[in-house]
Amino acid sequence: MVVLIGVVGALFWQVNELREEAEKHVIRAVSHHLNNSLTVTMNRRYLDPDTREQIVDEELQRCAWVIQTILPTLKVGLPELLNIKRHPYRGQWEQPEEKWWQQQPPTVH
C-alpha cells in the first residue's frame, strides 16, 4: 500500500512539473511576441512615414494574434501534457505566412 501511494505521489509530482514547464514555455512565447510588437510600435517615429501606419497596424494585429492564439494555451490540461515535447523548437508559435486576421477579423468588445 505504501508503494502504491508513493507511485501515485510521484506521478502527481511529475504531472505538476510538466504543467509548470509548459506554462513557462507559453509565458515566454507570449512575452517574446508582445515585446517585439510593442518595441516596433513604441519606436514608430523612426519608421518610414509612408509605411508607418501599415507596420504599426500589423504589429498591433500581432498582439491580438498572441492573445487569441497563444495565451489560451496557458491552461494546460492532462491531454496536452501527455503530448508535450521536452524542448519544443523555437518557432512553434510563429505567425502564419498568410495574414490570419484578413480571414477572420478580431472582434473587439
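The values are calculated or read from the model by the stated rules, or taken from the named source; none is laboratory data. Keep in mind that this is a model prediction, so the values were computed, not measured. Here the Cβ is made from the backbone with ideal geometry for all residues, glycine too, and neighbour counts use every protein chain on show. Side chains included, ligands, DNA and RNA excluded: accessible areas come from the protein's heavy atoms. Shrake-Rupley method; radii C 1.70, N 1.55, O 1.52, S 1.80 Å.
Before moving on, here are some points about what is shown:
- Some residue of segment 6-17 being among the acidic types (D, E) and more than 27 Å from T73 (Cβ to Cβ): no
- Some residue of segment 34-43 being under 24 Å from L74 (Cα atoms) and over 15 Å from the mean Cα position of the chain (by Cα): yes
- The number of residues in segment 58-72 that are open to solvent by 80 Å² or more (accessible area, probe 1.4 Å) and over 11 Å from the mean Cα position of the chain (by Cα) comes to 1.
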